[in-house]
Amino acid sequence: MTTIYFFHGSLSSPKSTKIQRLLPIAESRGFQVEVPDHSSIRSADDRVADILSQDNSPVGDCILVGSSMGGYVATALSEHLKPSGLFLFAPAFYLPGYNVQKPIPHADKVSIIHGWHDDIVPVENSIRFAREHKSTLHIVDGSHALRENLDTIADLFTLFLS
């Protein structure tokens, strides 16, 4: 059975709006779902290390979903976990303070959603990443949190899982 792991952003939690919207979609399609709580871990690279050090770290077929810092975490983990898919929202790529400055996705399928009006992670970062790795990129009329795009995100996630 495929497990979907959701990784929240820097100042977020497992109760984030996007996770709460997408979790029932995944469960209704028969996926097992895991949502690690990293709200007490501020460093993205420490979050990656935390997942890899756990006895119950992801194994087998999985899909990694991440928002902002969680997008970076999911992509960094993909090197070790080789997921079948990466589904990312405004991933925190090419930012100071992150160990991996040129992240490489190790997944069969990669899809990114980014808002034109993101004032935290420049949309140009996702354009660069998508171009370099031939990833699917959806740029929407939205902010960093993408709250105004939840219906679109849900539709794209449903297609991604198909």
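A short reminder: the numbers here are calculations on the coordinates, not readings from a lab. This one's a predicted model, so the numbers in the text were calculated from it and none came from an experiment. Every residue, glycine among them, receives a Cβ derived from its backbone with ideal geometry; neighbour counts consider all protein chains shown.
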- Query: If a residue has to be more than 15 Å from the chain's Cα centre (by Cα) and either closer than 23 Å to Arg42 by Cβ or surrounded by 16 or more Cβ atoms within 10 Å (Cβ to Cβ) (or both) to count, how many in segment 95-122 make the cut?
  - Reply: 12
- Task: Run Pro83 past the list (1) of a type outside the set (Lys, Arg); (2) within 24 Å of Asp118 (Cβ to Cβ); (3) within 14 Å of the chain's Cα centre (by Cα); (4) not in a helix (DSSP H, G or I) and report the number of the one that doesn't hold.
- Result: (2)
- Item | Hits in segment 5-32 (condition: polar (S, T, N, Q) and either assigned to a loop (DSSP other than H, G, I, E, B) or without any contact (Cβ under 8 Å) to a residue 12 or more places away in the chain (or both)) | Ser10, Ser12, Ser13, Ser16, Gln20, Ser28
- Message: Residues that are among the hydrophobic types (A, V, I, L, M, F, W, C) and touching a residue at least 40 places away in the same chain (Cβ under 8 Å): does segment 131-140 have at least one?
- Response: no
- Evaluate segment 143-158: report whether one residue or more is buried (at least 18 other Cβ atoms within 10 Å of the Cβ), of a type in the set (Val, Ile, Thr), in contact with a strand residue (DSSP E or B) (Cβ under 7 Å, 6 or more places away or on another chain) and touching a residue at least 24 places away in the same chain (Cβ under 8 Å). yes
